[in-house]
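What follows is one structure encoded as structure tokens, with my remarks underneath.
The values are calculated or read from the model by the stated rules, or taken from the named source; none is laboratory data. Here the structure is a predicted model, which is why all the values come from computation and not from measurement. Please note: Cβ atoms are built from the backbone with ideal geometry, for glycine as well, and neighbour counts cover all protein chains shown.
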Amino acid sequence: MSRCRRIVVDRYGGPDVLRLALCETPAPGPGQVRLRMEAAGLAPADALMRAGRYPAGPRPGFVPGWDVVGRVEAAGPGVPADWEGRRCAALVLRGGHASHLCVNADRLVPVPAGVDALSAACLPLNYVAAHQMLHRLATARAGERVLVSGASGGVGTALLDLARLAGPRAVGTASAGHADVVSAFGAEPVDYRAGDVTARIADLSGGDGVDIALDAVGGATLTGAWRLLRPGGRLVSYGFPAAGLRSRRPSHAVLRQLLRLRWWSLVPQGRSAASYRLSAAARRRPETVQEDLGALVGQLASGRLRPLVAEAFPLERAARAHELLALGRHTGKILLIP
């Protein structure tokens, strides 16, 4: 049996704290399977956990990795043997950055053989989060105008891709160098570094504003998105406020933003504001994650989705992947492969 290779965070810090460890290949427990990883996603949350900046994050000694695609090597007690050999995708929240990992079988969604593993690895975190925000929270409808802040990243491009399919007209903020990425998904690009972004987005809508705003930046960008909402508009904030996470007490910054969203929703202006966390959705309503991931895998298999992969790094180059993520110049999703 081959040895397991995994990325371990032994102490908080920069990308240099990531350690490639060799260990015994894990045996699946009751209700579990062992996956041989084919591709795993790297998310901003992984970097925040590594740095010790993720609110209520894990203590050192953990293996990062929220999402994974792989093949079932072994089925544990209580899992039908015919699971062995299947390719599956899963949202695991932690532990995905390993050549082999054990996953609860009820978290798995089969992936057809003809589907590219790198494209499929974009779905469990990025596309599920985008789908739930766009359709379950904001209930987007054809013809509505949607603003996506930070549109060239992993979740941003997923939001643009899903908006393209569902019919809303999208506006995406990104750097001038990434305008072509936004345009490729049929959205209107706006350079967030040039002038009064809020005023320019308002001009694009003829002064009417937007029906839905999806924001991952926080701070002034979040306030601008709120001001752009039409009557009946819906704001969804996801991720964590960037400036707050650089503060000494990141959990306090998150709480302040949640309180601001709550206050906006209470004021009777005909608009609503909500916060979205995929980890919370996975804990409270795991069945929706499985349902949405299954539907998205079907759309990918039929050729309707166009996930954008920035780059795939082997596990031994995980530190370089984290460095690329920190630069913020990539488009789409960064992946790790065995």
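Being out of contact with any strand residue (DSSP E or B) (no Cβ under 6 Å at 6 or more places or on another chain) and either crowded, with 16+ Cβ neighbours inside 10 Å or among the β-branched types (Val, Ile, Thr) (or both) is the filter here; which residues of segment 175-188 pass it?
Ser175, His178, Val181, Ala184, Phe185
Yes/no matrix, rows are residues, columns are (1) in contact with a Phe, Trp or Tyr (Cβ under 6 Å, 6 or more places away or on another chain); (2) of a type in the set (Val, Ile, Thr); (3) modelled with pLDDT of 95 or more; (4) within 21 Å of Met133 (Cα to Cα):
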site	(1), (2), (3), (4)
Leu222	no, no, no, yes
Tyr238	yes, no, no, yes
Gly244	no, no, no, no
Arg248	no, no, no, no
Ala253	no, no, no, no
Gly270	no, no, no, yes
Ala273	yes, no, no, yes
Ala281	no, no, no, yes
Ala319	no, no, yes, no
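Being in contact with a strand residue (DSSP E or B) (Cβ under 7 Å, 6 or more places away or on another chain) and within 17 Å of Arg285 (Cα to Cα) is the filter here, so list the residues in segment 100-125 that pass it.
Asn104, Ala105, Arg107, Leu108, Val109, Pro124, Leu125
Strands (runs of 3 or more DSSP E) wholly in segment 1-112 with at least 3 residues that are surrounded by 23 or more Cβ atoms within 10 Å (Cβ to Cβ) and free of Cβ contacts under 8 Å to residues at least 40 places away in the same chain - which ones?
none
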